[in-house]
Amino acid sequence: DGAFMDCTLLSSISIPNCTYISSDAFYNCSLLDGFDFSNVEYVCDSAFEDTSISQVSSETILELGRGAFRGCTNLVSVDVPNCTYIGDYAFVSCQSLESVNIPKITVINDDTFSNTYKLTEFDFGNITSIGRYAFKNGGIESFNAPNVTSIGYQAFYNATSLKEVTFGDKLTTI
């Protein structure tokens, strides 16, 4: 854990066969702006928190831990089509995040996308549960959530861009 934590001048690293990124591995490596995720399956808690990563793209990533990319203000796009779990706070305060493709997740945990002002759309097709503060202070403009059964406390608090919401008949708890 924390292998390169606080290496504030580290800007690039090559680990081509890495499948597991431990907790805090690159935490606060503020100049780290790229990483080859092509073989990575697990990104643990706060692994890339407060780095300059701008893109996460991988067909191999299965899980993203709590706060995995928290505070990555340069992160613009996330494409992890086989990921089935995202921890709390995974993308909180990723202020440049515009595009997310995570079609296999069914739960959006607490604070996952709060303070993501540029994320205006999200595919809620498979989502069954939206956690507390999940899109707080976010830029979501509309959503269709046909399979959602529960929405947590202040999940869309201060989402001032939100204009249209559609739920299916499965929603039982707000």
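The values are calculated or read from the model by the stated rules, or taken from the named source; none is laboratory data. These numbers come from a predicted model, not from an experiment. We place every Cβ from the backbone using ideal geometry, glycine too, and count neighbours over all the protein chains shown. Just the protein is used for accessible areas: all its heavy atoms, side chains included, with ligands, DNA and RNA removed. Shrake-Rupley method; radii C 1.70, N 1.55, O 1.52, S 1.80 Å.
General observations
- Scanning the range 17-29 for residues that are surrounded by fewer than 16 Cβ atoms within 10 Å (Cβ to Cβ) and more than 18 Å from residue 63 (Cβ to Cβ) yields a count of 1.
- Subset of the range 1-16 (residues that are of a type in the set (A, V, I, L, M) and loosely packed, with under 12 Cβ neighbours inside 10 Å): 9
For (1) within 22 Å of residue 51 (Cα to Cα); (2) open to solvent by 30 Å² or more (accessible area, probe 1.4 Å), each residue gets a yes or a no:
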{"residue": "73", "(1), (2)": "yes, yes"}
{"residue": "101", "(1), (2)": "yes, yes"}
{"residue": "105", "(1), (2)": "no, no"}
{"residue": "108", "(1), (2)": "no, no"}
{"residue": "117", "(1), (2)": "yes, yes"}
{"residue": "120", "(1), (2)": "no, yes"}
{"residue": "124", "(1), (2)": "no, no"}
{"residue": "138", "(1), (2)": "yes, no"}
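- Only residues that are assigned to a loop (DSSP other than H, G, I, E, B), of a type in the set (Ser, Thr, Tyr) and in contact with a strand residue (DSSP E or B) (Cβ under 7 Å, 6 or more places away or on another chain) were counted in the range 131-158, giving 1.
- Some residue of the range 129-144 being under 23 Å from residue 47 (Cα atoms), under 12 Å from the mean Cα position of the chain (by Cα) and among the charged types (D, E, K, R): no
- Residues in the range 1-59 that are of a type in the set (Val, Ile, Thr), under 15 Å from the mean Cα position of the chain (by Cα) and closer than 23 Å to residue 84 by Cβ: 43, 53, 56.
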